[in-house]
Amino acid sequence: MSSLSEVVQDDAKRRAVIDDCARLLDAEVASKRGITGFAVKAAFKAVKSVRPGMIPMSIDALIDDFSVQIDPFWADCQSTGADPKSFFQQNDRNIANALLKVTDDRAARSTQRVLKGAYGKLRGQAMDHISQAMPQLAELVQRHTS
């Protein structure tokens with residue numbers, strides 16, 4: 001098994017990971033309901049309106065840092081022989097915090113007001129949203145590292 005950070009160094013595999021991440025993100029946003037869902041969808045639409053292909057470009061810019069954060073969790077999952085979905089769900093807060101560290105750092109340095117504004121509005125709920133996506137994230141990592 002490869003680590004995700006190794007996989008994303010191969011251009012063809014990187015594109016496949018980015019495309020799967022974009023589909024995962026689209027599906028997660030589409031699944032949101034109620035007032036919170038409305039806010040998430042509005043912010044996502046604002047980010048997408050910055051420029052065509054903004055979501056895949058953003059994922060591409062973040063995937064190296066994300067994969068470095070995910071790799072230790074994936075290695076632990078593999079070394080224990082745990083079911084990936086269960087392992088990621090049991091460690092959802094730690095994994096989410098690791099990923100949010102990346103986005104928090106990037107948001108702090110961003111000069112894009114629309115992106116910073118959208119991120120700021122959603123950041124308070126980000127932990128819950130990311131935690132809800134753990135089973136799908138585990139599947140994505142497993143698919144690309146197997």
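Read-outs: derived from the displayed coordinates by stated rules, not from any lab. Since we're looking at a predicted model, the values are computed, not measured. Cβ placement follows ideal geometry from the backbone for every residue including glycine, while neighbour counts extend to all protein chains displayed.
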(message) Give me the net charge for the shell around residue 71: Cβ to Cβ below 12 angstrom, other residues only, Lys and Arg +1, Asp and Glu -1.
(response) -4
(request) Kindly provide the helix-only [θ] at 222 nm of the chain, computed as the sum of -39,500 (n - 2.57) over DSSP H runs of four or more divided by all residues, to the nearest 500 deg cm²/dmol? (result) -28500 deg cm²/dmol
(request) Taking a cut-off of 17 Å between Cα atoms, list the aspartates and glutamates near residue 41, but don't count ones fewer than 8 places away on the same chain. (result) 26, 28, 128
(request) Find out how many positive minus negative residues lie around residue 107, taking Lys and Arg as positive, Asp and Glu as negative, among other residues whose Cβ is under 13 Å from that of residue 107. (result) +4
(message) Can you compute the charge dipole magnitude of the chain about its Cα centre, using +1 on each Lys and Arg Cβ and -1 on each Asp and Glu Cβ, nothing else charged? Give it in debye, rounded to the nearest 20.
(response) 920
(request) Quick one, could you list the DSSP H helices from the chain stretching 20 Å or more along their long axis (Cα atoms) with average Kyte-Doolittle hydropathy of -0.5 or above? (result) 11-31, 34-50, 54-80
(request) Give me the distance in nm between label points sitting 7 Å out from Cα along the Cα-to-Cβ direction at residue 80 and residue 45, one decimal. (result) 4.1
(message) I need the calculated FRET efficiency for the pair residue 129 and residue 11, taking r as the beta carbon distance and R₀ as 41 Å, to the nearest 0.05.
(response) 0.90
(message) How much length would be gained if the chain were fully extended between residue 38 and residue 54, taking 0.36 nm per residue of separation minus their Cα-Cα distance, in nm to one decimal?
(response) 3.8 nm
(request) Starting from the Cα-Cα distance between residue 68 and residue 139, subtract it from 0.36 nm times their residue separation and give me the gain in nm to one decimal. (result) 23.8 nm
